[in-house]
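Shown next, in structure tokens, is the structure this report addresses.
The values are calculated or read from the model by the stated rules, or taken from the named source; none is laboratory data. As the structure is a computational prediction, the values presented were derived from the model and not from experiment. Note: ideal-geometry Cβ built from the backbone for every residue, glycine included; neighbour counts use all protein chains shown. Heavy atoms of the whole protein, side chains included, go into the accessibility calculation; ligands, DNA and RNA do not. Shrake-Rupley method; radii C 1.70, N 1.55, O 1.52, S 1.80 Å.
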Number of protein chains: 2
Amino acid sequence: MQRRGLLIILSSPSGAGKSTMAKRLMAWDPSLKFSVSATTRAPRPGEIDGVDYQFTSKAEFERMVEAEEMLEHAEVFGNFYGTPKGPVEAAMMEGRDTLFDIDWQGGQQVRRSTLAQNVLSIFILPPSIEALESRLRARGQDSDEVIALRMSEARDEISHWAEYDYVIVNDDPDQAEEELKTIVKAERARADRMPGLNDFVRGLNKEFEARQIGARS
Amino acid sequence: MQRRGLLIILSSPSGAGKSTMAKRLMAWDPSLKFSVSATTRAPRPGEIDGVDYQFTSKAEFERMVEAEEMLEHAEVFGNFYGTPKGPVEAAMMEGRDTLFDIDWQGGQQVRRSTLAQNVLSIFILPPSIEALESRLRARGQDSDEVIALRMSEARDEISHWAEYDYVIVNDDPDQAEEELKTIVKAERARADRMPGLNDFVRGLNKEFEARQIGARS
């Protein structure tokens, strides 16, 4: 039965396993579309336009914001980042889900957008702050100062957990993946996301009429 | 993590497999409580008080309605039927789910009750009206007149499908059972049904404080 595609928002502090969960979800269901952000910042070596980011001029970005073609957008250190609405809407109408790896600010904007009815938002919590810090340190790429900044950002991010439909405590990645898949499967079945049900019930009613069965009331 | 129990409402026209689905769900998770209705009608041979129904005097039933101790109630052919709120509320607070096998009218009342936030409602549709009629006839216990009445009631019942959170088309009972279990598992994980999350995040914040990590903003 034809359904509307979901906008699946995954948020978490960095180090809580959001990117791993996003990759696992994409591997489980290759029909998922990963939302590629637009940005006005210059590409870094190795970054591919349309894959890592959609690289955009500042003028074009501003035009899109003005024309309400951005689902959400933010400015970070003088650069703009945002999610173009067009591809998300197209996927939605085709019944394909789009996966968003965004922070609470992006999540809030998408949840307040015109596509709000099709949003499924999931927050991933670390099992403890100690575990979060270990994971950040295990990456081995950041100085103590950067780790301290990430931890402070984590506290900000975590403070928004209650705005999400679902919360997963990522203690064990396999179990967290199972929870995530269960949530996605169930939410896909929600009646308000199945416009095809209307036609199906219309068909049942035609059958009732063909058999001359009226309602009692 | 401690969660509130759900009020799981299963509705469908008779013959669409609601009772089978309820039995399968109870077999899958024996912690589910099946909601036993109270009634003022006399017990039939073999019916056990507290199992089939909670048999109640008319005066006691009226007192309960008056005292708002009924989650929903209705009068059918001069007899009263209703769901006492007490056991449902107790199960909810203990984190146990209650399963309701009720029609759209009962569903509507429960969905409008003070326990509305914890309701999960699922409607089961037959794959076709032909299949519905075959199933009713296959029971071999009803006259043509009773079948005609059931079919007319089915049309009433089906007209309320869109009031439910989820709709399952019961073409294959095994698949319908899988869908049902997926829905229940996911809904149990919803953030607004996990009051324990509050304490968990409070714990994370204490850890942040012990490490002297403030929020940026």
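Worth a mention:
- Every listed requirement among (1) of a type outside the set (Lys, Arg); (2) more than 7 Å from chain B (Cβ to nearest Cβ); (3) assigned to a loop (DSSP other than H, G, I, E, B) is met by A:ALA215 save one, (2).
- Condition met for B:GLN141 (in contact with an Asp or Glu (Cβ under 8 Å, 6 or more places away or on another chain) and either within 13 Å of chain A (Cβ to nearest Cβ) or farther than 21 Å from B:LYS33 by Cβ (or both)): no
- Output for region B:17-40, where each listed residue is basic (Lys, Arg) and crowded, with 16+ Cβ neighbours inside 10 Å: B:LYS18, B:ARG24, B:LYS33
- Options B:ILE129, B:ILE124: the member that is open to solvent by less than 10 Å² (accessible area, probe 1.4 Å) and either charged (D, E, K, R) or more than 10 Å from chain A (Cβ to nearest Cβ) (or both): B:ILE124
- Filter pass, A:GLU177 being open to solvent by 10 Å² or more (accessible area, probe 1.4 Å) and either closer than 30 Å to B:ALA131 by Cβ or within 10 Å of chain B (Cβ to nearest Cβ) (or both): no
- Applying the criterion of being facing chain B (nearest Cβ under 9 Å) and in a loop (DSSP other than H, G, I, E, B) to the residues of region A:194-212, the residue that is modelled with the highest pLDDT is A:ARG211.
- Every residue from region B:168-188 that is small (Gly, Ala, Ser) and free of Cβ contacts under 8 Å to residues at least 40 places away in the same chain: B:ALA186
- Of all residues in region B:193-213, those that are more than 15 Å from A:HIS160 (Cα to Cα), out of contact with any helix residue (DSSP H, G or I) (no Cβ under 6 Å at 6 or more places or on another chain), open to solvent by 40 Å² or more (accessible area, probe 1.4 Å) and of a type outside the set (A, V, I, L, M, F, W, C) total 5.
- Residue in region B:144-165 that is at the interface with chain A (Cβ under 7 Å from one of its Cβ atoms), under 21 Å from B:ASP101 (Cα atoms), open to solvent by 20 Å² or more (accessible area, probe 1.4 Å) and not in a helix (DSSP H, G or I) present: yes
- Some residue of region A:14-34 being more than 21 Å from the chain's Cα centre (by Cα), basic (Lys, Arg) and modelled with pLDDT of 95 or more: no
- Breaking point among (1) out of contact with any Leu (no Cβ under 8 Å at 6 or more places or on another chain); (2) open to solvent by 30 Å² or more (accessible area, probe 1.4 Å), for A:SER14: (1)
- Pairs with Cβ under 8 Å, 6+ apart, first in region A:196-208 and in contact (Cβ under 8 Å) with a residue 24 or more places away in the chain, second open to solvent by 50 Å² or more (accessible area, probe 1.4 Å): A:GLY196/A:MET1; A:GLY196/A:GLN2; A:LEU197/A:MET1; A:LEU197/B:ALA162; A:PHE200/A:MET1
- In summary, strands (runs of 3 or more DSSP E) completely within region A:36-134 and bearing 3 or more residues that are touching a residue at least 12 places away in the same chain (Cβ under 8 Å) and more than 12 Å from the chain's Cα centre (by Cα) occur at A:70-76, A:79-84.
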